[in-house]
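S.K.: After the structure tokens below, expect a handful of questions from me.
The values are calculated or read from the model by the stated rules, or taken from the named source; none is laboratory data. Just so you know, these numbers come straight off a predicted model, no measurement behind them. All Cβ positions, glycine included, derive from the backbone under ideal geometry; neighbour counts span all protein chains shown. Each accessible area value is taken on the protein alone, full model and side chains, heavy atoms only, with ligands, DNA and RNA left out. Shrake-Rupley method; radii C 1.70, N 1.55, O 1.52, S 1.80 Å.
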Amino acid sequence: MRRLLGMLFAALMLAPMTGGLVAGELTALARLDPTASSVADSAEGLGIDLTIDQPVPYRVFFLADPPRVVVDFREVEFAAASPAALDRSARVRWLGFGPYREGWSRLVAELDGPYRLQSAAEPRVGGGARISLRLVPTSAEDFAASAGAPEDPDWAVPEAAPVELPKRRQDGSRPLVVVLDPGHGGLDPGAEAGNLREAHLTLSFARELAEVLRRDGMIVELTRGDDSFVPLESRISIARAAGADLFLSLHADALEEGIATGATIYKLALDASERAAGLLAERHDRADLLAGVDLVNQDDVLATVLMDMTRLETTPRTDRLAARLAEAIAGAGIRLHRHPVQEAAFSVLKAPDIPSVLLELGFMSSPADRERLVDPVWRAAMAEAIRAAIAEWAAQDAAEARLVRK
Ligand SMILES: [Zn+2]
């Protein structure tokens, strides 16, 4: 019933908006006023009040494990707001908001237990509106009965691209296809330090690196070209659809002070024991989970036997890619982690047929790394080192491919 209620708001609000739009008419993006917005506790429960300079269609629903309330809106500009500034609630464990799908924004609050929607209203305030939601605690049974994502064909996670295996290995006879994956984005900002956001940093570095690689004749695609949210599974699908010869995920995460500094290269391991690797993998997957992505199992696309055989061939190629990266980065005089090549259970590296590595450019938790990450001279040197590593790897890899074929 409550789920229906949430959907009803959407239906009521959507009709006049979509009907009223004239083709070609320019509509300004709705903006959140952070000074008149809050997520705060009340005597009975939780209040979410979002003041926006124009009314927007929205919908509310709950997700379980962990309990979350999700609010989707027609695109809202959150730029001036930070989750930390908006969140004044002891009942909220995590708050995130930002772009979710093209034309749509999402706010997710992880709750400290089961809640239900007591009321939802969008009164006009001045020339704009305020989305005003009241949540009250409820029983676990009631929550379980009402929680679930609404059906929405527009927002389905893209289907995994059909796979023709084995993908023909690159042998130097055509340009190398590199897919760069700027970590995080949209309502998942990644690590934050001061006004620095990992999602912005990885995107700007990926753009710079793409230019350097293209000048060397490589074909480069990015898994995201703006500050939007892309689920981990979709990032693999994008790489596969692009016919990637290699996949490089770019990050600059934060870990507790002292356990991580310097560039670090990660390969896939399903049972990595390193604590830092475990923390990072958990955090990356958690962002997807909290954002409300229904995880589909990419592995299902491939028959297990075929997958194992393919991985058998891909693993040493990935090992060599990681080794070349570590050598080139060290050779450029760039600071590396004392264990530069590590293993982690990163979902984004799970394509069995594409050599995939994740590069932590540095760690935002380290002040020295932070300084380097925003230094254009350092960034140019890092991009050039990556280019050199990829070029050398591709030449060796192609030679081996030709040998294997004979
Ligand atoms: Zn990251």
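S.K.: For the stretch 220-233, state whether one or more residues are under 29 Å from residue 391 (Cβ atoms), among the acidic types (Asp, Glu) and within 16 Å of the ligand (Cβ to nearest atom).
M.R.: No, the conditions are met nowhere in the stretch 220-233.
S.K.: Still on this structure: Run residue 225 past the list (1) touching a strand residue (DSSP E or B) at 6+ places or on another chain (Cβ under 6 Å); (2) at pLDDT 90 or above; (3) surrounded by fewer than 20 Cβ atoms within 10 Å (Cβ to Cβ) and report the number of the one that doesn't hold.
M.R.: The one condition residue 225 does not meet is (1).
S.K.: Okay, next question. Can you tell me which residues in the stretch 124-146 are modelled with pLDDT under 90 and part of a loop (DSSP other than H, G, I, E, B)?
M.R.: 126, 127
S.K.: Something else about it: Filter the stretch 342-366 down to residues that are open to solvent by less than 10 Å² (accessible area, probe 1.4 Å), assigned to a loop (DSSP other than H, G, I, E, B) and under 18 Å from residue 282 (Cα atoms), then give me how many there are.
M.R.: Selection size over the stretch 342-366: 3.
S.K.: In this structure, is residue 256 open to solvent by 10 Å² or more (accessible area, probe 1.4 Å) and either assigned to a helix (DSSP H, G or I) or of a type in the set (Gly, Ala, Ser) (or both)?
M.R.: no
S.K.: Looking only at the stretch 76-88, filter to residues that are out of contact with any Leu (no Cβ under 6 Å at 6 or more places or on another chain) and not aliphatic (A, V, I, L, M); which one of those is most open to solvent (accessible area, probe 1.4 Å)?
M.R.: If we take residues in the stretch 76-88 being out of contact with any Leu (no Cβ under 6 Å at 6 or more places or on another chain) and not aliphatic (A, V, I, L, M), then 88 is most open to solvent (accessible area, probe 1.4 Å).
S.K.: Could you say whether any residue in the stretch 291-301 is assigned to a helix (DSSP H, G or I), modelled with pLDDT under 85 and within 16 Å of the ligand (Cβ to nearest atom)?
M.R.: yes
S.K.: Looking only at the stretch 164-219, count how many residues are more than 14 Å from the ligand (Cβ to nearest atom), open to solvent by 10 Å² or more (accessible area, probe 1.4 Å) and in a helix (DSSP H, G or I).
M.R.: 7
S.K.: Any chance the stretch 373-389 includes a residue that's modelled with pLDDT of 95 or more, buried (at least 20 other Cβ atoms within 10 Å of the Cβ) and either among the acidic types (Asp, Glu) or outside the structural domain of residue 288 (by TED's automatic domain parsing) (or both)?
M.R.: no
S.K.: Would you pick out the residues in the stretch 238-253 that are more than 13 Å from the ligand (Cβ to nearest atom) and buried (at least 23 other Cβ atoms within 10 Å of the Cβ)?
M.R.: 239, 244, 245, 246, 247, 248
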